[in-house]
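Worksheet for the structure shown next.
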Amino acid sequence: MDLQSKEITYEGAFGGPFVGTLHWDADLKEPRPGVLVAHAFSGRKAFEEQRAQELAALGYVGFAADYYGEGWSTADPAEAHAAKTALDQDRPALAARMEAALSALIAEPLVDPERTAAIGYCYGGKAVLDLARQGAQLRGVVAFHGILDRAASAPDVPITAEVLVLHGWDDPLASPKARSFLALR
């Protein structure tokens, strides 16, 4: 196994540039499935990079994406909440930024664009669910401890991806109403 990584700067609507990191096994020569990894509310950090590296070790191309722009991250919870709140008030921007990240992933020659998925943690779970709600051509989406509410701006289109929501029942960030599978549409 020859795990490699490279930073990718990509553009998108509603801000940017965005900075993500692609991870892959260079011993594998054929295009393979790509998995977009959406970070939690404090920005792309070692946790998301590690998940993308682990995916690469399993034979995927892992892409630790950036939905804030310029690779921004913080260790300050107040700054993180402020960034999340600002983006949460502009859900079309979040959706467009996630679409830009997916486009950056599938543009990579290592990636089979017909076999892509997205996973996200906490606010990143919301981000990948929003991507699915946009009708993005993904095989699957997994939200880990995601925030589940559907944006009023989400188009009324079918979700083509298989969706798995891994969520604690007593999680205070998602109301019982948001836990309903109807929140996906």
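Report the residue count in segment 50-65 for those that are open to solvent by 10 Å² or more (accessible area, probe 1.4 Å) and among the aliphatic types (A, V, I, L, M).
3
Which residues, taken from segment 14-61, are basic (K, R), free of Cβ contacts under 8 Å to residues at least 60 places away in the same chain and farther than 21 Å from H145 by Cα?
K29
Looking at this structure, is V111 among the β-branched types (V, I, T) and either farther than 14 Å from A95 by Cβ or over 13 Å from the mean Cα position of the chain (by Cα) (or both)?
yes
Going by the structure shown, is E70 modelled with pLDDT of 95 or more, outside any helix (DSSP H, G or I) and open to solvent by 30 Å² or more (accessible area, probe 1.4 Å)?
Criteria not met by E70.
From the list R133, R139, which one is more than 22 Å from G15 (Cα to Cα), basic (K, R) and touching a residue at least 40 places away in the same chain (Cβ under 8 Å)? Spell out how you get there, then give the answer.
Working: R133 fails: more than 22 Å from G15 (Cα to Cα).
Criteria check complete, one pass: R139.
Residue by residue through segment 102-127, note down the ones that are touching a Gly at 6+ places or on another chain (Cβ under 7 Å), farther than 16 Å from R139 by Cβ and open to solvent by less than 10 Å² (accessible area, probe 1.4 Å).
Within segment 102-127, G125, K126, A127 meet the criteria.
Just the residues that are under 17 Å from A107 (Cβ atoms) and either among the basic types (K, R) or not in a strand (DSSP E or B) (or both), please, taken from segment 1-29.
Answer for segment 1-29, where residues must be under 17 Å from A107 (Cβ atoms) and either among the basic types (K, R) or not in a strand (DSSP E or B) (or both): K6, E11, G12, A13, G16, P17.
Does any residue of segment 70-79 turn out to be under 18 Å from the mean Cα position of the chain (by Cα) and either within 20 Å of A107 (Cα to Cα) or touching a residue at least 60 places away in the same chain (Cβ under 8 Å) (or both)?
Among the residues of segment 70-79, at least one is under 18 Å from the mean Cα position of the chain (by Cα) and either within 20 Å of A107 (Cα to Cα) or touching a residue at least 60 places away in the same chain (Cβ under 8 Å) (or both), which makes the answer yes.
Which condition number in (1) assigned to a helix (DSSP H, G or I); (2) in contact with a Phe, Trp or Tyr (Cβ under 8 Å, 6 or more places away or on another chain); (3) surrounded by 17 or more Cβ atoms within 10 Å (Cβ to Cβ) is the one that F47 fails?
(3)
State all residues of segment 143-155 that are open to solvent by 30 Å² or more (accessible area, probe 1.4 Å) and in contact (Cβ under 8 Å) with a residue 24 or more places away in the chain; if no residue qualifies, say none. It would help to see each step written out before you state the result.
Kept after step one, since they are open to solvent by 30 Å² or more (accessible area, probe 1.4 Å), are these residues of segment 143-155: 144-145, 149-150, 152-153, 155.
Result: F144, H145, D149, R150, A152, S153.
So if I check each of L87, L105, which one is under 20 Å from R44 (Cα atoms), aliphatic (A, V, I, L, M) and at pLDDT 95 or above?
Exactly one of L87, L105 is under 20 Å from R44 (Cα atoms), aliphatic (A, V, I, L, M) and at pLDDT 95 or above, namely L105.
If you check A83, A95, A136, which single one turns out to be part of a helix (DSSP H, G or I), under 23 Å from L22 (Cα atoms) and among the hydrophobic types (A, V, I, L, M, F, W, C)?
Residue meeting the stated conditions: A95.
The values are calculated or read from the model by the stated rules, or taken from the named source; none is laboratory data. Values in this document were obtained by computation on a predicted structure and should not be read as measured data. Cβ coordinates were reconstructed from backbone atoms using ideal geometry, including for glycine residues, and neighbour counts include every protein chain displayed. Accessible surface is based on the protein model in full, side chains and every heavy atom, while ligands, DNA and RNA are left aside. Shrake-Rupley method; radii C 1.70, N 1.55, O 1.52, S 1.80 Å.
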